[in-house]
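Peer 1: There's a structure below that I have some questions on.
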Amino acid sequence: MKRILLAIGEPNYSKILRERFKYYADDFAVLDQEVLHHKYLLEILETEQPEILIVHDYYLQSDKETPADKEMEWLDLIETVRTQFDDSVRVVFLCERKKGDVFLSELVNRNVLDIFNNNSINIHEMIEQLMEKPKYSNASKFKASTPYTNANFQQPVEDDDDEPSEDEVTPSNEKLEKEDKPIIQKVIEKKVVNKVVNKQVVKREFQLNVTSNVDRIVGVPIERKLVLIGSPFARSGSTFISHLVANVLADMGVDTTYIESPYSHAYTYDRFVGHENAPNYRSKYYKFTKEIDPKKLSVFEWKIDNLNLIVKHPSDEPVYDQNEVNFETFVKILLTSQTPITIVDVGSDWDKEVIQEFYDIADQVYMVIEPDISNIQFLEESLDKSTTFYRKVLEDDKTSIIGNRFDEKLLKNEIINDLYKDKLNAVIPNFPPKDVFDTQYQGDFLYKQKHLKQSIDQSVKPILKDLLPDKFLKKKSKENSWLKNMFNKSISIEPK
């Protein structure tokens, strides 16, 4: 079976291809990972190692501004792919160009033998061609006698073909293309504009990568979600709750990724006895920002049960700053996570610009607070930058509060009632200190303590309802009668 990596850049186009390749499941498997920007193509190609790469020269996002520069970008990329992977990667080039386009001739010169240049591509014919070995005869018609230069550039054109059949894909989302592609205006401070545009492109890429994919668990489709959990103050329990929620999800059979903030001191590696369980592990922050010593064994994956961990090594990794792990680097790391749920443990790093950028693209955000009168008053009255951000994000529907170390009686307190009646989503009790310490000593999850399991499930129930579809929760509830009763109950704040 040959694995296919898509680098189309237009979700509707990609969706059609995915659906058609399903009919050839014995011969091809389309990877879940998809390239949505030119800058990540080689990197993802190295990571996924597919046998076939399908690209589209017009729809795939690029930082190059002129058509000629984009053509050279493609030729340089193909040259690199050929040099680095030889014939192990078969490049399929989709475009809308005339047969005599000298750029296509240059592709053939670089051994790209699968070129489909019509506006309407017959997918059935394309797949049949891919089932055979690459043939020069398939691409010889694109050879041109005119040498290629930047001056030879031709605008994409439509062939005068008949109406497409049901096996042909014709992207006609002209409005979508114009709206989605960032427009760079001519201004004096061009570098600043480029920076803003690049962020918009990366945000769009990440959002499409997440929202356009679903996973099926026990037969129920689950949309991928990015979840941020943090607190306005340090040591308020956001990491504890992030671990708790991530472990409950994994225990339910939902593959989950937990990501530790790169901007704070390492904690999770030691918390789960990493020096014994993953001695050669280094985070993907390290992988994407440091020079890897080839003589030193480095492992960049760490998984406990169904939970994937992206955490820092306390001895070999620093507390990263935003110049090292910038917005785009963080996005690359997030895109390597192919699990339905990704939880980013923000801690108290809300003041970081990168974290605030991720707030914009997150699906669900939780602020963890404790029943501390002084802190509560500070949040309400301070003009500090971090507290201003806290109050602002609480106005969004996707943001809610988790009360940590809360007691049921606190929910009737007039202060808690007045301030948090509409935003308090879940309350986590103060678990026995000995149980928490024993769990840490064993390098395990608190959820493994059987006598606490039901209490934990009850506590995180509102969070599960935010992240998982009702149909999935109903199926799971049938497996446990007490879980069914739990989901029939609700927590609410009541006046004293």
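The values are calculated or read from the model by the stated rules, or taken from the named source; none is laboratory data. Only a predicted model underlies this, so the values are computations on that prediction, with no experimental measurement involved. Glycine also receives a Cβ, built like all others from the backbone with ideal geometry; neighbour counts cover every protein chain displayed. Each accessible area value is taken on the protein alone, full model and side chains, heavy atoms only, with ligands, DNA and RNA left out. Shrake-Rupley method; radii C 1.70, N 1.55, O 1.52, S 1.80 Å.
Peer 1: Run residue 44 past the list (1) among the β-branched types (Val, Ile, Thr); (2) surrounded by fewer than 21 Cβ atoms within 10 Å (Cβ to Cβ); (3) closer than 24 Å to residue 284 by Cα and report the number of the one that doesn't hold.
Peer 2: The single condition residue 44 does not satisfy is (2).
Peer 1: While we're on this one: Pairs please, first residue from the range 346-366 and assigned to a loop (DSSP other than H, G, I, E, B), second anywhere and open to solvent by 10 Å² or more (accessible area, probe 1.4 Å), Cβ atoms under 7 Å, 6+ apart in sequence or on different chains.
Peer 2: Short answer, once both residue conditions are applied: 348/232; 348/233; 348/234; 352/263; 352/322; 362/398; 363/225; 363/398.
Peer 1: What residue, of 417, 425, is within 18 Å of residue 376 (Cβ to Cβ) and either of a type in the set (Ser, Thr, Tyr) or over 33 Å from the mean Cα position of the chain (by Cα) (or both)?
Peer 2: Working: 425 fails: either of a type in the set (Ser, Thr, Tyr) or over 33 Å from the mean Cα position of the chain (by Cα) (or both).
Result of the check over 417, 425: 417.
Peer 1: Condition check: surrounded by 15 or more Cβ atoms within 10 Å (Cβ to Cβ), among the small types (Gly, Ala, Ser), touching a Lys or Arg at 6+ places or on another chain (Cβ under 6 Å) and within 24 Å of residue 228 (Cα to Cα). Does residue 400 satisfy that? So that I can check it myself, show each step before the final result.
Peer 2: On the way: surrounded by 15 or more Cβ atoms within 10 Å (Cβ to Cβ): yes; among the small types (Gly, Ala, Ser): yes; touching a Lys or Arg at 6+ places or on another chain (Cβ under 6 Å): yes; within 24 Å of residue 228 (Cα to Cα): yes.
Yes.
Peer 1: So, in the range 302-312, of the ones that are open to solvent by 50 Å² or more (accessible area, probe 1.4 Å) and touching a residue at least 12 places away in the same chain (Cβ under 8 Å), which residue ends up nearest to the chain's Cα centre (by Cα)? If you could, list the steps in order and put the result at the bottom.
Peer 2: Here is the first cut: in the range 302-312, the residues open to solvent by 50 Å² or more (accessible area, probe 1.4 Å) are 303, 305-306.
Those left that are additionally touching a residue at least 12 places away in the same chain (Cβ under 8 Å): 305-306.
On the way: 305: 21, 306: 17 Å.
Among residues in the range 302-312 that are open to solvent by 50 Å² or more (accessible area, probe 1.4 Å) and touching a residue at least 12 places away in the same chain (Cβ under 8 Å), the one nearest to the chain's Cα centre (by Cα) is 306.
Peer 1: Would you point out which residue out of 315, 298 is open to solvent by 50 Å² or more (accessible area, probe 1.4 Å) and hydroxyl-bearing (Ser, Thr, Tyr)?
Peer 2: Details: 298 fails: open to solvent by 50 Å² or more (accessible area, probe 1.4 Å).
On inspection, the qualifying residue turns out to be 315.
Peer 1: Now a separate question. Considering only residues of the range 258-273 that are closer than 11 Å to residue 243 by Cα and in contact with a helix residue (DSSP H, G or I) (Cβ under 6 Å, 6 or more places away or on another chain), which is surrounded by the fewest Cβ atoms within 10 Å (Cβ to Cβ)?
Peer 2: If we take residues in the range 258-273 being closer than 11 Å to residue 243 by Cα and in contact with a helix residue (DSSP H, G or I) (Cβ under 6 Å, 6 or more places away or on another chain), then 260 is surrounded by the fewest Cβ atoms within 10 Å (Cβ to Cβ).
Peer 1: Name the helices (runs of 4 or more DSSP H) wholly inside the range 220-278 in which the number of residues that are touching a residue at least 60 places away in the same chain (Cβ under 8 Å) and within 19 Å of the chain's Cα centre (by Cα) is 2 or more. Lay out the reasoning, then the answer.
Peer 2: Working: elements: 238-251, 268-271, 274-277.
So the answer is 238-251.
Peer 1: Going residue by residue through the range 67-80, is there one that turns out to be under 17 Å from residue 6 (Cβ atoms) and not in a helix (DSSP H, G or I)?
Peer 2: Within the range 67-80, none of the residues are under 17 Å from residue 6 (Cβ atoms) and not in a helix (DSSP H, G or I).
Peer 1: Against the condition of a type in the set (Ser, Thr, Tyr), modelled with pLDDT of 90 or more and open to solvent by 40 Å² or more (accessible area, probe 1.4 Å), how does residue 80 come out, does it pass? Walk me through how you get there before you give the answer.
Peer 2: Values: of a type in the set (Ser, Thr, Tyr): yes; modelled with pLDDT of 90 or more: yes; open to solvent by 40 Å² or more (accessible area, probe 1.4 Å): yes.
Spelling it out, residue 80 is indeed of a type in the set (Ser, Thr, Tyr), modelled with pLDDT of 90 or more and open to solvent by 40 Å² or more (accessible area, probe 1.4 Å).
Peer 1: Which residues, taken from the range 284-295, are exposed (fewer than 15 other Cβ atoms within 10 Å of the Cβ) and not charged (D, E, K, R)?
Peer 2: Passing the criteria: 292, 294.
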